[in-house]
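The values are calculated or read from the model by the stated rules, or taken from the named source; none is laboratory data. Predicted model, so just to flag it, every value in this text is computed and none were measured. FYI the Cβ positions are ideal-geometry reconstructions off the backbone, even for glycines, and counts take in every protein chain you see. Note: accessible area is taken over every heavy atom of the protein model, side chains too, but ligands, DNA and RNA are not part of it. Shrake-Rupley method; radii C 1.70, N 1.55, O 1.52, S 1.80 Å.
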Amino acid sequence: MAPRRAAVVGGNRIPFARSNGPYAHAANQDMLTAALDGLVSRFGLAGERLGEVAAGAVLKHSRDFNLTREAVLGSALAPSTPAYDVQQACGTGLEAAILVANKIALGQLDSGIAGGVDTTSDAPIAVNERLRQALLAANRAKSTGARLAALARIRPNHLVPEIPRNSEPRTGMSMGDHAAATALRWQVTREDQDALTVTSHHRLAAAYDRGFFDDLLTPYLGLNRDQNLRPDSSLEKLATLKPVFGRGEGATMTAANSTPLTDGASAVLLASDEWAADHGLPVLAHFVDAETAAVDYVHGEEGLLMAPAYAVPRLLARNGLTLQDFDFYEIHEAFASQVLSTLAAWESPEFCKEKLGLDAPLGSIDRAKLNVNGSSLAAGHPFAATGGRIVATLAKLLAERGSGRGLISICAAGGQGVVAILEAAK
Amino acid sequence: MQTQTVTEAPRLGKLYLQAVVTARLGGGGALPDTELVLPDQVVDPGHLAAYVRVCGGSRRDRLPATYPHLLAFPLQVRLLADRKFPLPLPGLVHLRNVCTQHRPIATDDPLTLRVHAERLVAHPKGAQVDLVATAEVSGERVWSGRSTYLARGSDAHGAHGATAPATVDGVAAGPAVELADDPAAAVWRIPADAGRRYAAVSGDVNPIHLNALAARVFGFPRAIAHGMWCKARALAAVEARLPDAFAVDVAFRKPVLLPSTVHHVVRRAADGWDFALLRPNGEGAHLVGTVRPPADEVLPAPR
Amino acid sequence: MSDWYRDMTNSAVLGGLTRRLGLPRPAVLRRHTPGDPLLTGPALVVAAGTGPLVAAVSDLLRADGAEVRFEADGERLAAVVLDATGAETPAELEEVRTALGPALRRLAPSGRVVILGRPPVEADGPTAAATRQALVGIARSVAKEARGGATANLIQVSDGAEDALASTLRFFLSGRSAYVSGQVVRVSPAEVPDAADPTTPHAGRVAVVTGAARGIGASIAETLARDGATVICVDIPAQGQALSTVANRIGGTALQLDITAADAPARLAEHVVERHGGADVIVHNAGITRDKLLANMDEARWASVIAVNLEAQLRINAALLETAGALKENARIVCVSSMSGIAGNRGQVNYAASKAGVIGLVEATAPLLRERGATINAVAPGFIETEMTAAMPFGTREVGRRINSLSQGGLPVDVAETIGWLAQTASAGVTGQTVRVCGQSLLGA
């Protein structure tokens, strides 16, 4: 049996909030449930049993070991809907969508929801490692005496908690530090980064103004729009900001042309064409194919966020496409410099020859087709929620256009990159 | 050389205390013609886990190449702390360390450790000596290590005026690699208690690692990180890409004052890895090292 | 919303005190819950004049499980139905006195008085017209005399509309009309589609409710869903979270839409066609207030109220009528007007304009819909207990609550039930009318 294509029926997200903003007291489970409920209400799925819900969070409390299933149980979906957690750093949302889409393509599922959520406000704080070891030892102890002895090892300074670091475990460097090194390598200028940032804000604001997000977003806790959005963003204003990553002359990355810490959640409804038709629901687009690449940034082989540059050519080759065969490019703006470095790599004959083994560079893309409704620089980037935001946005863009093809590219921590192709429903 | 079998690993704290009490500056005399043997040491899994947790890397069914050094270290100290040893133990500075893994060592291999001192030579700042250790499993040598120490202000009488084979800025030459211009592969934020934590698993309770006051006695502004901890952590960063047999050679150039932020640079070489710990401000290296195929004798023999 | 005064006067301890003081005692109204019988006791069916509908009414009551009496014998009555459709002379009105008067004394709490008459405009000459119009005065006065939460209403049954009467008669007899009293509704001849199950009159139908996120709109959505409809809950995007909650609770769908946007009518029409194959019921409930004395009224307050409350309804109706398949056969449009639109209100010139405009809209649109078998009506809520009224100053709120025959505010569900009745396919004979849900308020009476 030839695989069928999974349809994107629609999506929903809550507006993205800045860290310690309106969602400061919302837990991952709260936000994911809200995103699911908004999706359920949009498509009249209350009480419905879906094939599965796959979602995840990058920053997760240990109590959230079954985060997605718990969110489903708290949602309006039928409690008989199974769920599981996925985690692939910032690729989580898209990877979850790929998982569900693949199962639909194989006929294992008729419908499913893929999603993601993250909070940097309600982040897990771990107990001090030595306190943890002492408590674990006390827990393992077989006698009261041994337990007391273990507990007696606790010292006052063990009570200082450990706040999670936004850094790569193997390098101790923040993602921004890594991106700054890559920006230097590709000689991405401050001006180009700021211009991309301003464009992102202006395009997202315009999309809101024309009601594009009316059926992609459900307000949450009084927030109606992405809190990070600055419709009046300008090159002049951005030029005044001091760099926050990198050093000295080569430092180009500011708080504006990097995504801020954000809270939010998203969900996408995927289904077979038949299921959608049976439920009177639209098909916005189809999943065509997806690819995930990883690079060795630990041993200095490649930049941390450059994996999409490797994933895309493999995906193009498998599908007999060129980089120019797309009507929309959704390249997640982790940092403006990440987008620009990736584009520069694809334009570079050396990179394409030496690293990708191609005879000719992939070439440049029509920037007018890039992130046409803005992206993470404006919307914010609650890590695992970004994939769902992008899949739903691109699917709706394709549905509005009525034809065409879109490319999604998302870089992720750990030197990974998740990319996918969607096509408008025919 | 006479062999002296030790049945139990010596207690390091006691040895240090003894060494401080009996220390003689610039002692002199010849190296003891003694090989200490500690037979059939079985690795304590809990201790290995603690070591891995402190030094990075993953808990596996093989020993990290730096781990046997830990087992041999008490024997080294026992030699060094001996009243007749020509150099004083307090204030000894670790200049260089080579660990050679001849084959992977399983965590349950019983190891017989042998330690002797050799090559006492003059150094521009005093005298240096090598402590050589080997580990055997059922008579097969599976690991060897060579630690070069400097005793500032001491004379190498026993070496009859010989000088060290080569020097770089007054330090014994280590691997010849230059990585200052490479971007950092990782940034280490080393906390103030790093020395105390490594001391707790290694037993190396040399006071210069434990607190600033003690370190000042020996001329350091603050406590300094153990060289072997830096080495173990740097090696752990490439542990998944190491061959079965290799030598990891490290020269300790500038001490890592605690707390500290250092840049770890790593570069693939034709037949191994080059790495370094650099000061973030570009002012030199704390440590440079290489991973290479094992050689029978890593250092040239003393002249 | 708690009505402290009603609760106090109905409490065991303070109730006696308020009775001795001669204070009014607002009754706890009988409201419909699924499974309730049409009536909680026997119904008396009497006639003034020939009583041509007595037999049909009796059959309907019995079919709904009610006991029917033709003479009062001292027991408490749940309802009195007076068939005055045969009364054509003032003299025959005497029979209203003799038939209705004694029965009222035995009316149970939340009892129902329904008078059936003929429309005066269809009368043959002044005598008949005067007699028919007299029934209006009778119904409204009986409504004011009624106690214990009882209501009285007049149904003007056009000649030939007898078969279209059932849904309206049921509504006025049932707990669904708890807060509707002193009203006059005309039933015209109409093709009534095959009778739906009266307990789930909206089964299988698709309803659109605007302003469904909160208050009355949420109640309308819930009530229609309870009675079987699939409800498309519409509200502005900013209300999305509450809207989603309502939609999920009732198994409906949420559509975030600013109905004043230029493309909103087209988007709504497209949505109902693509997702639901057309709508059976449209409830124009969305409305806003931007109060200010006219002298101080700015353009924004004026324009936004007119845009949301009136223009959007006009534009959406036009789009639904133009878009093939958007409105199904026998569609029902129900608009929400307001007492302010009837009586006017200080500080609400803009709001009153929009809500009076709705009444005109309904009257003028009804003929356009007739050939489709569709109807359009309005409800005009009086004082309804909502978040909005809860925020009123105490004095204003208490006056608002008490100046009606039931001495209390209505609930959102009372408006919703009234809309549910007008939205039934069986209510085909009721169109172009505005029904007040006000407990017979003194305002605009």
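Only one of the numbered conditions (1) over 23 Å from C:V192 (Cα atoms); (2) within 22 Å of the chain's Cα centre (by Cα); (3) within 14 Å of another protein chain (Cβ to nearest Cβ) is violated by C:R275, and that is (2). Just one of the listed residues (A:A17, A:A34) is aliphatic (A, V, I, L, M), within 14 Å of chain C (Cβ to nearest Cβ) and open to solvent by 10 Å² or more (accessible area, probe 1.4 Å), and it is A:A34.
For region B:24-51, the candidate set comprises residues that are open to solvent by 50 Å² or more (accessible area, probe 1.4 Å) and touching a Pro at 6+ places or on another chain (Cβ under 7 Å); within that set, the residue that is modelled with the lowest pLDDT is B:L25. Can you spot a residue in region B:60-81 that is of a type outside the set (F, W, Y), out of contact with any His (no Cβ under 6 Å at 6 or more places or on another chain) and more than 26 Å from B:V137 (Cα to Cα)? Among the residues of region B:60-81, at least one is of a type outside the set (F, W, Y), out of contact with any His (no Cβ under 6 Å at 6 or more places or on another chain) and more than 26 Å from B:V137 (Cα to Cα), which makes the answer yes. All conditions but one from (1) in contact (Cβ under 8 Å) with a residue 24 or more places away in the chain; (2) away from chain A (no Cβ under 14 Å); (3) open to solvent by 50 Å² or more (accessible area, probe 1.4 Å); (4) basic (K, R) apply to B:K231; the one that does not is (3).
For B:P221, are the conditions met, namely being part of a loop (DSSP other than H, G, I, E, B) and within 22 Å of B:A285 (Cα to Cα)? Yes. What is the residue count in region C:418-445 for residues that are touching an Asp or Glu at 6+ places or on another chain (Cβ under 9 Å) and assigned to a helix (DSSP H, G or I)? Selection size over region C:418-445: 3. Among the residues of region C:365-376, is there at least one that is open to solvent by less than 20 Å² (accessible area, probe 1.4 Å), more than 22 Å from C:T425 (Cα to Cα) and aliphatic (A, V, I, L, M)? Checking region C:365-376: not a single residue is open to solvent by less than 20 Å² (accessible area, probe 1.4 Å), more than 22 Å from C:T425 (Cα to Cα) and aliphatic (A, V, I, L, M).
Taking the conditions (1) more than 8 Å from chain A (Cβ to nearest Cβ); (2) surrounded by fewer than 24 Cβ atoms within 10 Å (Cβ to Cβ) in turn, C:H202 satisfies each one other than (2). Contact map, region C:388-412: first residue over 25 Å from C:V209 (Cβ atoms), second residue surrounded by 22 or more Cβ atoms within 10 Å (Cβ to Cβ) and of a type in the set (G, A, S), Cβ cut-off under 6 Å, separation 6 or more or different chains; pairs are C:R401/C:G409; C:N404/C:G439; C:N404/C:S441; C:S405/C:A143; C:S405/C:S181; C:S405/C:G439; C:L406/C:G439.
Is it the case, given these coordinates, that C:S354 is part of a helix (DSSP H, G or I) and either at pLDDT 95 or above or under 25 Å from C:T151 (Cβ atoms) (or both)? Answer is yes for this residue. In a residue-by-residue description of region C:209-216, the property of being assigned to a strand (DSSP E or B), within 13 Å of chain A (Cβ to nearest Cβ), touching a residue at least 40 places away in the same chain (Cβ under 8 Å) and closer than 22 Å to C:A366 by Cα applies to no position. On the stretch given as region A:205-242, residues that are open to solvent by less than 20 Å² (accessible area, probe 1.4 Å), hydrophobic (A, V, I, L, M, F, W, C) and either over 23 Å from A:E400 (Cα atoms) or in a loop (DSSP other than H, G, I, E, B) (or both) total 5. When B:P243, B:P221 are checked against the criterion of being closer than 28 Å to B:A81 by Cβ, touching a residue at least 24 places away in the same chain (Cβ under 8 Å), more than 14 Å from chain A (Cβ to nearest Cβ) and open to solvent by 40 Å² or more (accessible area, probe 1.4 Å), a single residue qualifies: B:P221. The residues on offer are A:G320, A:G264, and the sole one that is modelled with pLDDT of 95 or more, under 30 Å from A:E48 (Cα atoms) and either touching a helix residue (DSSP H, G or I) at 6+ places or on another chain (Cβ under 9 Å) or not charged (D, E, K, R) (or both) is A:G264.
Among the strands (runs of 3 or more DSSP E) confined to region C:25-134, the ones with at least 3 residues that are within 19 Å of C:V180 (Cβ to Cβ) are located at C:77-83, C:107-117. Helices (runs of 4 or more DSSP H) fully within region A:326-426 that include at least 3 residues being closer than 23 Å to A:R190 by Cα and over 15 Å from the mean Cα position of the chain (by Cα): A:336-347. Here is the figure for region C:231-266: residues that are buried (at least 23 other Cβ atoms within 10 Å of the Cβ), at the interface with another protein chain (Cβ under 7 Å from one of its Cβ atoms) and not in a helix (DSSP H, G or I) total 5.
Look at (1) within 14 Å of A:Y220 (Cβ to Cβ); (2) more than 10 Å from chain C (Cβ to nearest Cβ); (3) open to solvent by 10 Å² or more (accessible area, probe 1.4 Å) and you find that A:G74 fails only one, number (1). Could you please let me know if C:G228 is modelled with pLDDT of 95 or more and on the phi > 0 side of the Ramachandran plot? Judged against the criteria, C:G228 is a match.
Those helices (runs of 4 or more DSSP H) of region A:84-157 in which 1 or more residues are in contact with a Pro (Cβ under 9 Å, 6 or more places away or on another chain) and open to solvent by 40 Å² or more (accessible area, probe 1.4 Å) occupy A:92-106. For A:G415, the conditions (1) out of contact with any Lys or Arg (no Cβ under 8 Å at 6 or more places or on another chain); (2) surrounded by fewer than 20 Cβ atoms within 10 Å (Cβ to Cβ) are fulfilled apart from (2).
Screening the candidates A:L356, A:L370 for the property of being buried (at least 20 other Cβ atoms within 10 Å of the Cβ) and not acidic (D, E) yields one hit, A:L370.
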